[in-house]
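Novice: Quick one: structure below, then a few questions.
Read-outs: derived from the displayed coordinates by stated rules, not from any lab. These figures come from a predicted structure and were not determined experimentally. So basically every Cβ, Gly included, is an ideal-geometry build from the backbone, and we count neighbours across all protein chains shown.
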Amino acid sequence: MARILIIGGGVAGLSAGIYAQLHGHKTIICEQHYKTGGNLTGWQRGEYHIDNCIHWLTGTNPNSDLYKLWQEVGALDNIDVYQCESMYTCEKNGDTLSLFRDIDKLEKRMLEISPEDKKEIKRFINAVKDFELIMGVGGKNHDKKANIATYVKLFPTLYLYYNMTTKDLANRFSHPLLREFFVSLLGYDFGAIAFLCVASTFCSDNGGLPKGGSQAMAQRITNKFLSLGGEILLKKQAIKIDVENGKATQTIFGDGSKIRADYIILTTEPSVTFEKILPVKMPKELKSDYESKKLTRFSAIQTAFACDLPSLPFSADHIFELPIKYRKILKTERLIIREFSHESSFAPSGQTVIQSLTFCLENTAEDFIELRKKDKNAYANKKQEIASAVLLAITEKFPSLCGHLKLLDVWTPASYNRYTGAQIGSFMSFAFSSKVLPIRKSNRIKGLNNVIMASQWLQNPGGLPLALQNGKHAVETVNKLASLAPTPQKKTLTKPIKT
C-alpha cells in the first residue's frame, strides 16, 4: 500500500485516483479549481446548461476496450447513450453532406453527389471499415477485432493515410462538397489518419453522447473515486515540489500547506510543470513535441445561446463557411454550431441551447490570454464583438432563428487558461500533421524515482480517452515501482501527511 498524491482533478487525475484506490493505495487528489473534471465540465446560466466538452465520447460501444474502462471509473454505469444519426453536416454551394453513423448511407450519399469520385469514395469507406477492425468494433455488428493477419493486410491503407493531411485527402476528390467534407471539421493540416479515426469511431456506434452531458459524467467519475475512500482537496493549487536525492519529498501549495507522499502523479501540462512546479527539465520526448513543426497546440473560441424555438433548421453539428466580413473577428473560415435538443434538462420545455465553436492556433490563444491580463474591459468588449458576429452569422445562415437567440456566454482560451492552468488554454494536446504516429510516451521522469506523469500530453492529440488510459497506466507504474521498493522496517502511515 502506497500513499499517493495526485496533482490535478481532471479525467486523468480521477482515473488515476480510482485505479489507485482499487489497488489498495491511499490517495489524495488536489485540484486548483472549485470542482473536479477539468475540461470535462459544464455550467449553468440561469435556466440553461452549457456543455463544454463532449462532442462525441470515444468508447460508447460495449464491444470496445474503452467502454470497459469507462464503466470501471463509473462514467457509463446505467447511463443511456444517445447515438446521433449524423455527427456533423457541412455545406458547399447550397448542397450538404453529413457524416452519417450508417456508413452505407454515407457511401450512398457520397456517390449521389459525385459518381465521378467512385474510386476514392470506395477507398475511403473501406478504410473506415478497416479502421473499425483495428479499434475492435468492426464488422456488421461492430464487434470484430483485427488479428495479426488483418493488420498486415491493412498496412497499405494505413500507410496511405499516414502520409496525408486532411487537405491532401480532400484533394483526391474532384467534387467541391466532398473536398469540404474532409476539411470542415479538423481543418487542412491535421493528419488524415485522425479523420479516419473520427469517422470509424462514429460509424461503429463508438462515439455517442452520454445522457446528462459532460458535467454529469465528471460528477459520476468523482463519486466513484469518493466511494472508494479517496480524498479530494479543491482550490488547492500546487506551486512547488521539493526534490532531494532523486526523490520528491513534499508538495507545497498556494495556501502554504504541504503534503508528503510516497508517490506523486502529475496530470498537468508539461509546459507549466517542468522547471516551474517541478525543479527538473522537461523530458526530451515531451520537449520535442513543443519544438516540432509537425505538431500544433490549439484552443477555441466558443459561444452559447438560448433558443426559444421548439424545432431547429439544423441538427447535431452544422459547419458552414463564414462570409468574409466575419472571418477577421472570429479568426477562422468556418463556424461550427451544435444544438442540444437531445438533452431536455439543458433548457426549459420547448427551448434548447445552441453553441458555436471556432478553433484557434497558439498565437491567437496567447493574444486572448494577454488581453485579459492587461485590460479586462477590452477583453469583455472583444467577447461581445465575437458574440455579435456569431449571432449575425448564424441568423444570416438560418433566418428562421432571427429574434429567437439570446446570448448566454462567451468563453475563450483565456477562460481555459484561468480554470485549468493550460498554458495557452488548450483542452487537448497537440494536433498532428501527416507522417506522425501518435505513440504514447514514457510516463517516467529520468532521475526522479517517485513522480509519474498521467497527462493527456503523453499522447497526441490528447482528449478524454487518453486521459482515462494514462491515469490507469500511471497506477500500473506505481504498482511496479512499489513492488520493487524495499520493505520499510517500521509500519508506515496509511494516509498522506498534510502539514
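Novice: Taking a threshold of 29 Å on the Cα-Cα distance, which of the pairs Lys35/Lys144; Lys276/Lys373; Lys35/Lys376 fall above it?
Specialist: The pairs that break the limit, which is 29 Å between Cα atoms, are Lys35/Lys144.
Novice: Could you list the GluC sites (Glu not before Pro) in the stretch 196-286 that lie in coil according to DSSP, counting only those with at most 15 other Cβ atoms within 10 Å of their Cβ?
Specialist: Values: sites: Glu231, Glu244, Glu275, Glu285; in loops: Glu275.
Taking the stretch 196-286 and a limit of 15 other Cβ atoms within 10 Å, the loop GluC sites (Glu not before Pro) found are Glu275.
Novice: Out of Ser257, Pro413, Tyr290, whose Cα points farthest toward the positive end of the dipole of the chain (charges: +1 Lys, Arg; -1 Asp, Glu; placed on Cβ)?
Specialist: Ser257
Novice: Counting other beta carbons within 10 Å of each residue's own, what order do Trp70, Trp56 fall into, fewest first?
Specialist: Numbers: Trp70 25, Trp56 20.
The most exposed by this proxy come first: Trp56, Trp70.
Novice: Calculate one ³J(HN,Hα) per residue across the stretch 296-309 by plugging θ = phi - 60° into the Karplus curve 6.51 cos²θ - 1.76 cosθ + 1.60, and present them in order as whole Hz with x for glycine and proline.
Specialist: 3J(HN,Hα) across the stretch 296-309, in whole Hz: 9, 7, 8, 9, 7, 10, 9, 9, 9, 10, 7, 10, 9, 8.
Novice: Calculate the all-directions average of the projected area of the chain's alpha-carbon convex hull, and give it in nm².
Specialist: With the hull built on Cα positions only, its mean projection is 24.1 nm².
Novice: Could you work out [θ]222 nm for the chain from helices alone, using -39500 (n - 2.57) per DSSP H run of at least four and dividing by all its residues? Round to the nearest 500 deg cm²/dmol.
Specialist: -11500 deg cm²/dmol
Novice: Also, quick follow-up: Please enumerate, by chain and number, the aspartates and glutamates with C-alpha under 19 Å from the C-alpha of Lys383, excluding those fewer than 8 residues away in the same chain.
Specialist: Straight-line reach from Lys383, under 19 Å: Asp51, Glu333, Glu362, Glu366, Asp367, Glu370, Asp375, Asp409.
Novice: Say the dipole of the stretch 84-204 comes from +1 at the beta carbon of Lys and Arg and -1 at that of Asp and Glu; which of Gly138, Thr150, Asn126 then lies farthest toward its positive end?
Specialist: Thr150
Novice: About its Cα centre, what dipole magnitude does the chain give when the only charges are +1 on Lys and Arg Cβ and -1 on Asp and Glu Cβ, stated in debye to the nearest 20?
Specialist: Charge dipole, the chain, about its Cα centre: 1720 debye, nearest 20.
Novice: How much length would be gained if the chain were fully extended between Ser174 and Glu385, taking 0.36 nm per residue of separation minus their Cα-Cα distance, in nm to one decimal?
Specialist: Using 0.36 nm per residue and subtracting the Cα-Cα distance, I get 72.2 nm.
Novice: Round to the nearest 0.05 the FRET efficiency obtained for Gln237 and Tyr162 when R0 = 30 Å and r is the Cβ-Cβ distance.
Specialist: According to the calculation, E is roughly 0.15.
Novice: Considering the alpha-carbon set of the stretch 84-204 alone, what are its Rg and its Dmax in angstrom?
Specialist: For the stretch 84-204, the Cα-based Rg and Dmax read 13.7, 45 Å.
Novice: Calculate I(q)/I(0) for the stretch 99-161 by the Debye formula, one identical point scatterer on each C-alpha and no solvent, and give its log10 at q = 0.12, 0.14, 0.25 Å⁻¹ to two decimals.
Specialist: Results for the stretch 99-161 at q = 0.12, 0.14, 0.25 Å⁻¹ read -0.32, -0.44, -1.06.
Novice: Separate question: Using Cα atoms only, what is the angle between the long axis of helix 118-134 and the major principal axis of the chain, expressed in degrees (0 to 90) to the nearest 10?
Specialist: Helix 118-134 sits at roughly 20 degrees to that axis.
Novice: State the Cα centre-to-centre distance between the stretch 131-145 and the stretch 1-15 in whole Å.
Specialist: 33 Å
Novice: Under the Karplus relation 6.51 cos²θ - 1.76 cosθ + 1.60, θ = phi - 60°, what is the ordered set of whole-Hz ³J(HN,Hα) values for the stretch 210-225, x standing for Gly and Pro?
Specialist: With the stated coefficients, the stretch 210-225 comes to x, 4, x, x, 5, 4, 5, 5, 4, 5, 5, 5, 4, 4, 4, 4 Hz.
Novice: Can you tell me the order of 419-430, 399-410, 259-270 when each peptide is scored by its average per-residue count of other Cβ atoms within 10 angstrom, highest first?
Specialist: Per-residue Cβ counts within 10 Å, averaged per peptide and sorted highest first, yield 259-270, 419-430, 399-410.
Novice: Further question on the same structure: Per residue of the stretch 16-22, what does 6.51 cos²θ - 1.76 cosθ + 1.60 with θ = phi - 60° give for ³J(HN,Hα)? Whole Hz please, x for Gly and Pro, Karplus curve as stated.
Specialist: Along the stretch 16-22, the couplings run 4, x, 5, 5, 5, 5, 5 Hz.
Novice: Considering amide H positions built from the backbone, and no H for Pro or chain starts, which residues 5 or more places from Val280, or on another chain, come under 5 Å of its amide H?
Specialist: The list, which skips near neighbours in sequence, is Glu275.
Novice: Name the long-range amide H neighbours of Ile6: under 5 Å, sequence gap of 5 or more, or other chain; modelled H, no Pro or chain starts.
Specialist: Close amide H contacts, sequence-distant or interchain: Ile28, Ile29, Cys30, Ile265.
Novice: I would also like to ask the following. Using 0.36 nm per residue, how much length does the chain from Lys284 to Lys406 gain when fully extended, once their Cα-Cα distance is taken away?
Specialist: 39.1 nm
Novice: Taking every pair of alpha-carbon atoms in the stretch 129-285, what share in percent sits in each 10 Å bin, from 0 to the bin with the longest distance?
Specialist: 9, 21, 22, 23, 21, 5, 0
Novice: To continue, here is another question. Which whole-angstrom value gives the distance between the alpha carbon centres of the stretch 356-419 and the stretch 60-99?
Specialist: First find each Cα centre; the distance between them is then 27 Å.
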